[in-house]
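Have a look at the structure below, then the notes.
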Amino acid sequence: MLMVAPALLHASLWIGLPVLAAVVLAFTKYDVLTAPQFVGLDNFRDMLDDAVFRKSIVNTVVYTFFTVPFGMLLGLLLAMALHTGLKARGIFRTAVFLPQVTATVAIALVWLWIYNPGNGLLNALLSFIGIDGPAWLSSTAWAMPSVILVGIWQGIGMKMLIYLAALQSLPRELYEAASVDGASKVRQFFSITLPLLKPATFFVLITSMISAFQSFDQIYILTDGGPANSTTMMTYEIYKSAFREFRVGYACAQSLVLFVLLMGFTLVNRRIMGGTRGHS
């Protein structure tokens with residue numbers, strides 16, 4: 001208890017108290033400049049009539065639906081490639097993980113140049129094969145796929161690292177016994193590797209979903225929620241409510257909805273995957 005006391009004190013002051021304050025302020029009208037006024041469930045009723053916030057919920061679910069599974073699949077494939085003794089795997093591992101530790105703003109600025117319709121790298125490459133690239137971030141049809149691609153690319157590194165660590169901890173004798181019994185590599189993957197990776201998969205799934213639901217930086221830099229709110233996310237709407245419109249109470253209510261959604265998805269995923277224990 002003595003050793004964890006500093007971390008516990010820090011979490012209580014800078015996480016616990018703000019969370020408690022947000023829950024209380026969710027039921028108030030508060031603009032920072034005046035004292036909070038209790039309004040009951042008015043903020044939640046306003047959310048039901050807020051078409052933009054409803055749109056942000058849909059956008060967040062769509063963004064999560066595509067970035068999480070595709071990112072997990074690519075992370076697992078890369079981890080398996082690095083686990084099989086790929087040459088120069090240290091260089092590849094660093095290259096794949098580098099976006100994870102690079103500032104999101106810096107990454108967004110690079111992709112802003114890549115997606116530039118005039119002199120961007122992507123449209124320049126497409127022009128070589130005779131294709132006129134669209135205005136990626138200014139089109140309601142292409143803005144969300146463009147943002148999703150950035151999210152997948154940036155998050156692969158952490159998923160790869162977790163899967164690689166899990167793969168390196170798997171007992172080799174199981175694979176040796178399976179080989180003696182005549183099991184193919186594909187059969188070994190589905191009968192041994194995937195079941196034993198269940199705890200890692202659950203962890204990656206939950207952390208990836210939380211990260212996807214809290215996406216903000218790349219949206220702020222790349223699209224500012226546009227065009228026509230086609231890429232606005234829940235966290236971006238919370239930011240707008242609190243720091244542009246000074247509706248802090250309303251923003252806290254939106255944050256509470258975000259928390260409930262995340263908690264619900266976590267419990268559903270835990271129920272579907274049967275907890276975090278792998279098969280023995």
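The values are calculated or read from the model by the stated rules, or taken from the named source; none is laboratory data. The shown structure was predicted, so the numbers you read here are calculated from the model rather than taken from an experiment. Cβ sites come from the backbone with ideal geometry, for glycine too, and all protein chains shown count toward neighbours. These accessible areas exclude ligands, DNA and RNA; they are computed on the full protein's heavy atoms, side chains included. Shrake-Rupley method; radii C 1.70, N 1.55, O 1.52, S 1.80 Å.
Ignoring the sites themselves, what is the longest stretch of the chain with no trypsin sites (Lys or Arg not before Pro) in a DSSP loop and at most 15 other beta-carbon atoms within 10 Å? Excluding the exposed sites themselves, the longest stretch runs over 88-276. Summary value for the chain: 30 percent relative contact order, contacts being C-alpha pairs under 8 angstrom separated by 6+ residues.
Work out, step by step, the length gained on full extension between residue 49 and residue 273: first 0.36 nm times the residue separation, then minus their alpha carbon distance; give nm to one decimal.
Values: separation 224, 0.36 × 224 = 80.64 nm, distance 3.54 nm.
Roughly 77.1 nm would be gained on extension.
The heavy atoms of residue 206 offer some 20 square angstrom of accessible surface to a 1.4 angstrom probe. Rounded to the nearest 10 degrees, the angle from helix 51-83 to the longest Cα principal axis of the chain is 20 degrees.
In this view, the solvent-accessible surface of residue 153, computed with a 1.4 Å probe and all protein chains in place, comes to about 110 Å².
Heavy-atom accessible area with a 1.4 Å probe sorts 60, 34, largest first, into 34, 60. Here residue 187 and residue 125 are evaluated by their C-beta separation; at R0 = 35 Å the FRET efficiency comes out at 0.30. Here the calculated FRET efficiency for residue 37 and residue 58, from their Cβ-Cβ distance with R0 = 25 Å, stands at 0.20, rounded to the nearest 0.05. Along each principal axis, taking the top coordinate minus the bottom one, the Cα set of the chain gives 73, 62, 33 Å in descending order.
Longer than 30 Å from Cα to Cα, which of 55/198; 87/185; 87/198 are they? Say none if no pair is. Mind dumping the intermediate values first?
On the way: 55/198 33 Å; 87/185 21 Å; 87/198 28 Å.
Checking Cα-Cα distances, 55/198 exceed 30 Å.
On full extension, the segment bounded by residue 210 and residue 20 gains 66.4 nm, given 0.36 nm per residue less the C-alpha separation. Compared with the alpha-carbon gap, the fully stretched path from residue 100 to residue 87 is longer by 2.4 nm at 0.36 nm per residue. For segment 1-74, what ratio Rg/Rh do Cα atoms give with a Kirkwood hydrodynamic radius? Using Cα coordinates only, the ratio equals 1.16. For the chain, the longest principal axis of the C-alpha atoms and the axis of helix 248-273 are separated by about 30°.
How many percent of the accessible area of the chain is carbon or sulfur, using a 1.4 Å probe? All intermediate terms of the calculation are to be shown ahead of the outcome.
Values: 11360 of 16270 Å².
The C+S portion of the solvent-accessible surface of the chain is 70 percent.
In this structure the chain gives 58 Å² per residue of accessible area when probed at 1.4 Å with all protein chains present. A cut-off of 5 Å between modelled amide H atoms, ignoring neighbours fewer than 5 places along the same chain, links residue 28 with 39. Residues in segment 92-105 carry Karplus couplings, in order, of 5, 4, 5, 5, 6, 7, 4, x, 5, 9, 8, 4, 4, 5 Hz; the curve used is 6.51 cos²θ - 1.76 cosθ + 1.60 with θ = phi - 60°, and Gly or Pro positions show x. Taking the Cα centre of segment 177-280 as reference, the dipole from Cβ charges on Lys and Arg (+1) and Asp and Glu (-1) amounts to some 400 debye.
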